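Student: I have a structure here, written as structure tokens, and I will follow up with some questions on it.
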């Protein structure tokens, strides 16, 4: 069974304090790893898709990387508006997107 | 409107009521999904539709009944729910249900069952 574990569960940062979120996965035949951002009371907002080990993608202050066992979401010089829950999900063959529990990030000014 | 929309955004119902959640996508996608998000639990896939055909039912109780009349609309019919069914119900769509396709989510319906 596909499994996704995100750590830490919660992260408090000062504005400008860079950090990384971890997503460890166990899946047979990874087809894609997805990062989403979710604000309270809203649906997940798509950020990145990574398909193979060694791949990296960037968007503003966020950078996602992928290895054979885990993915990292690096937040560089975060701002208060980066406060959200960040969700990681994986897909093997088939339709099912398996999500991790998320990391709640709070960036204080 | 663009993207994926869901109505209503909030719903309170009694255990004997019947209600429906509606999802509409304006992205030209052919696959649509229902997810449940409960407090302190990861997002759980409920149903998948691909080109209007149901392709996955993730062991969901029969008190939840999906309907997909066309590739743009998805409904979730609710009847005789339990308080533990209170959650955020999210709809998503993707170009197809291929495993590499990205899913895009709606804002969700916050359901409270009394």
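Student: Taking every residue in A:37-47, how many Cβ atoms of other protein chains lie within 10 Å of its Cβ, on average?
Tutor: That average works out to 5.
Student: Hey, got the average number of other protein chain Cβ atoms within 10 angstrom for residues in A:79-91?
Tutor: Averaged over the peptide's residues, the number is 1.
Student: Measure out, as a whole number of angstrom, how far apart the alpha-carbon centroids of the range A:26-89 and the range B:1-58 sit.
Tutor: 23 Å
Student: Dividing the Cα radius of gyration by the Kirkwood radius, what Rg/Rh value follows for chain A?
Tutor: 0.96
Student: Right, another one. With 10 Å bins from zero, work out the P(r) of chain B over every alpha carbon pair and list the percent per bin.
Tutor: In order of increasing distance, the bins hold 15, 50, 29, 5, 0 percent.
Where a number appears in this text, it was derived from the coordinates with a stated rule and is not lab data. As the structure is a computational prediction, the values presented were derived from the model and not from experiment. Every residue, glycine among them, receives a Cβ derived from its backbone with ideal geometry; neighbour counts consider all protein chains shown.
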